[in-house]
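Have a look at this one.
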């Protein structure tokens, strides 16, 4: 392995002896050497929470204000993004990093990024424009409104969410959050539609579904059909949705991923326990990612046979059919039942 590659791995893994060896004057490895994404060893050590490695790199002259190419993140941005407060404190205390700058490509200071990613009230829906949802197409339940007499609805008409008596209370990650049956008066911010059903998330993070319920794709706890959207019983604030032929996903402000629907669909869930029904998952169930560190989901997308999730650290996970390489895994892997990075 080349020395420049070694320094990135050593920083990420906290290998202090390797770092010291590579940073000797005769080794001629720059402490601020960048990888293809513009990240420096200090950035990788900070986001991995390697406090001793961060200290060593700072003592060797690593620059705290350097920004990567991809996001404009500094080492402090990366530490805050991953919730590595020990590394962040070291960057501020020893390196003199400022929580107010530099600004990343989205106009966020390190402190603003921390608040966006980890504040209980912060959600990806807060900056989106909410409004009404209009549907059209073949007459049927997924349109979220009462259909006319014809076989097709060629003119857009508004989907009928439950009428709100007032604004919904906002809840982030509380298990016992009050579940309201009505939609936020500000409207909808997220929509996902498949052949047989539709998902809608409103400005307060409440999730609604309508369509054909066979296989549990609506997440209502049964397989009944719904002509009009009904609240899904998920005590979380939803920031992202995805719909496949027989299944559904929701991403929450807590960074959790929830799935439900037919077991034959790419749900990414563990195999059912002995005695548990294996035909369908009728209500939302949390998807568990492997590994010791918790994965915070940022977004999800799905087709009928495979699914992809992006985490807040920029990682991509896939599961489902890999028959044509659609999961990005080796061709020898025909399918993945659980998320794999």
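Can we say residue 108 is out of contact with any helix residue (DSSP H, G or I) (no Cβ under 9 Å at 6 or more places or on another chain) and either at pLDDT below 80 or not in a helix (DSSP H, G or I) (or both)?
no
Being within 16 Å of residue 310 (Cβ to Cβ) and in a loop (DSSP other than H, G, I, E, B) is the filter here; which residues of region 226-265 pass it?
Matches in region 226-265: 253, 254, 255, 256.
If you scan region 50-66, which residues turn out to be crowded, with 20+ Cβ neighbours inside 10 Å and part of a loop (DSSP other than H, G, I, E, B)?
Within region 50-66, 50, 62, 64 qualify.
Related question: Scan 215, 211 and give me the residue that is in contact with a strand residue (DSSP E or B) (Cβ under 9 Å, 6 or more places away or on another chain), touching a residue at least 24 places away in the same chain (Cβ under 8 Å) and surrounded by fewer than 24 Cβ atoms within 10 Å (Cβ to Cβ).
Only one candidate passes the filter, namely 215.
Further question: Which of the residues that make up region 31-49 are buried (at least 20 other Cβ atoms within 10 Å of the Cβ) and modelled with pLDDT under 90?
none
I'm trying to understand the selection: among the residues of region 17-30, which are in contact with a helix residue (DSSP H, G or I) (Cβ under 6 Å, 6 or more places away or on another chain) and modelled with pLDDT of 90 or more?
Of everything in region 17-30, those that are in contact with a helix residue (DSSP H, G or I) (Cβ under 6 Å, 6 or more places away or on another chain) and modelled with pLDDT of 90 or more turn out to be 18, 19, 22.
Within region 320-332, identify whether any single residue is in contact (Cβ under 8 Å) with a residue 24 or more places away in the chain, surrounded by 15 or more Cβ atoms within 10 Å (Cβ to Cβ) and more than 15 Å from residue 217 (Cα to Cα), and answer yes or no.
Yes - at least one qualifying residue is present in region 320-332.
Which residue out of 72, 49 is touching a helix residue (DSSP H, G or I) at 6+ places or on another chain (Cβ under 9 Å) and closer than 25 Å to residue 294 by Cα?
From the options 72, 49, the qualifying one is 49.
The values are calculated or read from the model by the stated rules, or taken from the named source; none is laboratory data. It should be emphasised that the depicted structure is a prediction, and the values quoted were computed from it without experimental measurement. Here Cβ is always computed from backbone atoms with ideal geometry, including for glycine, and neighbour counts include all displayed protein chains.
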